[in-house]
Amino acid sequence: MVQNMKYFKLFSLLFLFLFCGINLYGQVRGKIIDDANTPLEYATATIYQEKDSTLVTGVVTDIDGNFEIPDLKKGTFFIKASFIGFEPRYINNIIINKQHKTQNLGTIQLSLGNELSEVVVAANKKKVISKIDRQVFEVDQFNTAQGGSGADVIRNLPSVNIDGQGEINVRGSSGFVVLLNGKPLQSNPASFISQLPANAIEKVEVITAPSAKYDPEGKAGMLNIITKKGALNGAFAQVNIKGGLPSIETYENEEIHRRYGGDFTYNIRNDRWNVSFGASYQRNDLGGRREGDVFTIINDTLTRFPSTGERSFDEINYNGRLTVDYKLNDQNDFSFGFYAGKRTKDRLADIVYYDNHAITPPEGGDRIYTFQYFNHNLRTRKGDFILGSFDYAHTFQNEAELTASFLYEYTLLGGPTVNQNLGYPDNSLVYQDEYNTNDNPLYGTRFQVDYVSKPISLGTVEAGYQFRSLDHTGDFIYERLDNDMGTFELVPEFSSDADLKRNIHSGYLQLAGTKNKWEYSAGIRLESMDRSYDLKDKIGIVDTTYHYDFIKLFPSASVQYALSETTDLKAAYSKRIERTTTFKMNPFPEREHSETLEQGDPTLKPEFIDLFEIGVNKDLKNGNSLFATAYYRNVKNVVNRVNTVYNDTILNRIYSNVGNAKTIGLELGSQFNVTEKWSNYIGGNLNHYNLKGNFNNTPVNTNNTVYSININSTYEFWKTASVQFNFNYLSERVTAQGEDSRFYSPNLTFQKSFLNNRLTATLQWLNMDMGLLNTNEQRITTYSPNQFYTTTNYIYEVDMVMLNLSYTLKSGKNKSKFIDSEFGKQEF
């Protein structure tokens, strides 16, 4: 009993001590911001005894500028709030006692101090980050892209190149998928990327061997474009404008080309709401010309029609965007997105066929006739679109996550092509006047749900389901002027109604984790696709439905091993698919040029791809790095654009499955700093391509070695000014029936910031040439023995000077995130 009383007294004294201790301690909290009301992360709050200025303790602020100093004894204190480059501020007479256990100082605002007395901590930021399944590139290293589009950004990546026709290739293939902030877009990659402002992009991830949780589309993998996001509460507002100087070389084009535009973004965020809205307008014309030579052989007659003239582009884009995020609590998040806009792109080809003639026999024969004419060909492509999305995310108590998303899109695609063959030099003579147009309303939906388990010993298990539906109808009308009647009449063999319906169900299961020096991921995706393509002509003769469906497994696996703290080895495998677009399936021809018809194949099969890669990543001193990746890609049912002879002066360009292709390649990239102010990035790709098969009972057997080089060199004059040289080079490459020549573009950019970095001016000299080089120029040649030969040199504008201005009205961080087209741009 006595022993129990001793324990009771001991516990009582301990309880009393703890109770009194709690009452003897208090805390001080507050928030530190700058003079633009932006929270300051990593600011310092230090507390001192009021009576003798003795230092008690100090803390740094969190990402929202908040700080909390706990466990203060009874007394009177003062606070010093400070941050590098700002004048410190003192808060006096802070009393902690029984009545005032917690003191909330509210918001403490700091003002910029004398910049000459700043302490600057400089370090080389790593521009390329290697992960188990991707390379991550920081966009702010590419000043040449500022004020431009996403295409100007990605052309600098070692895996990516863009040719003279604007076609984007990843590891030599145009088949890749674009993700926007991790969400798949079923749009045409080149079309989407060319509309996305470069100054909205923070980083680009090149995912060459995607895991099973991603859609299996894209034979070259994926590009995940991550837009800029802030992390702090407050408001962000930014206005960007750009303008181009008049063209130095007009190429005798009909109109002066214009390049100007602007966009704005406003973002406001607090602990629960994140609201973003913005709008943009871009006029982006490109001048140029083409020089061509074509001949066809039919029976015993060779017909030749060399040409020269204008080939230019006028492009207008404008859109509006809205995104609303709501955080209900720590477990539930909601997001709504809306995006609408218009796009128009005119391609003008005013070509003179100056020596059209026929010879029989082809070898050493006599001319049958000589003829010249002028061809006016204007192709307009329009795209009006409205998109809406809804997303939900739930985090469970055990750290598991469930996300669901729904997207709906309506897009109206279409546009006419005017093709007129006129007399030359007397354009009043009308030999042929044709007009073809189409309306292509597209309806697309996507629903997706994903689950990530709580961590287990082997890692995390991920599972998900996705449903996608596409309904794309087309009304194609081709008319020709009856010169005698003066009216346009329907051309039935070129006119049609087309209706594509495609439904895809897919589910995946994946395991990802780390163990010791190993990082790994393995999964499998099961996909069921049902494609129905209904095709009718305008006179009731053709009415055929083409079906194609499959159920297939798409496995993937990747592994990375840390050989040392600075060296990683990795290997990966992924099975992919490249689906065909509606345009490539329509067999009714469309007039592309005077000498070209273009049509598809309704029986086209998708391409199926196996990707293997093995690589090494090496971090060097002072932020330098090096990576190398060897890869192998095997493609079945390769889709190529091939030519046949339609008549003596017209080639028929057809999309067809032409065989199987194998690519073996090596990808290299390095970031290195010559001095503290002179940084460089160089990337390259070398691959050998081999295509075997047949088309139209003609064997296809072609191969060659292709390489590309991207160089980015930046020198900082001082803290707010830099100059950057950029060079992109793509070697010649073969196609199923010919080859494309080399293509290159050097660029120079000067950038300067003003008004405490609120205003940034970027002066660009794009496609540098000075009359000494063959910049922004590419020759495309195709041929088939004893049937046809065509070679065309495309010459586009050089020595373009652009000025871009970006002004930040409110300096809170930007957390804007917008949805974009998932279906419609694929057909644009």
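Values quoted throughout were computed directly from the atomic coordinates according to the rules given, and no laboratory measurement underlies them. Note that the coordinates shown come from a computational prediction; the quantities given were computed from them, not determined experimentally. All Cβ positions, even for glycine, are placed from backbone atoms using ideal geometry, and neighbour counts span all protein chains on display.
Cross-link check: pairs K536/K584; K605/K636; K73/K98; K575/K618; K552/K692; K203/K752 evaluated at a Cα-Cα cut-off of 18 Å; pairs beyond the cut-off: K575/K618; K552/K692; K203/K752. Pull out a ≥ b ≥ c, the square roots of the eigenvalues of the alpha-carbon gyration tensor of the range 524-598, then state rounded if a/c is under 1.5, prolate if not and a/b is larger than b/c, and oblate in the remaining case. It is oblate, given that a/c is not under 1.5 and a/b is not larger than b/c. Other residues lying with their Cβ under 13 Å from the Cβ of L553 contribute a combined charge of +2, Lys and Arg counting +1, Asp and Glu -1. With kT/(6 pi eta Rh) evaluated at 20 °C and eta = 1.002 mPa s, and Rh the Kirkwood radius from Cα pairs, the range 275-327 diffuses with a coefficient of 134 µm²/s according to Stokes-Einstein.
The value of relative contact order for the range 227-827, using C-alpha pairs under 8 Å at least six residues apart, is 13 percent. Two numbers describe the Cα atoms of the range 490-647: Rg and Dmax, which are 23.1, 72 Å. If you take all other residues with their beta carbon under 15 Å from the beta carbon of I359, and give Lys and Arg +1 and Asp and Glu -1, the sum is -4.
Label-to-label distance, F264 versus N634, with points set 7 angstrom from Cα along the beta-carbon direction: 5.7 nm. Taking Cβ atoms as reference points and 12 Å as the exclusive limit, the residues near N66 contribute a net charge of -3, counting Lys and Arg as +1 and Asp and Glu as -1. Sorting the Cα pairs of the range 227-827 by distance into bins of 10 Å, from 0 upward, gives 3, 11, 19, 27, 23, 11, 4, 1, 0 percent per bin. Based on alpha carbons, the Rg and Dmax found for the range 693-800 are 20.5, 68 Å.
Taking the alpha-carbon centroid of each part, what is the distance from the range 498-573 to the range 386-459 in angstrom? Each part reduced to its Cα centre gives a spacing of 18 Å. Listed peptides 556-564, 569-577 appear in the order 569-577, 556-564 once ranked by packing, highest mean of other Cβ atoms within 10 Å at the front.
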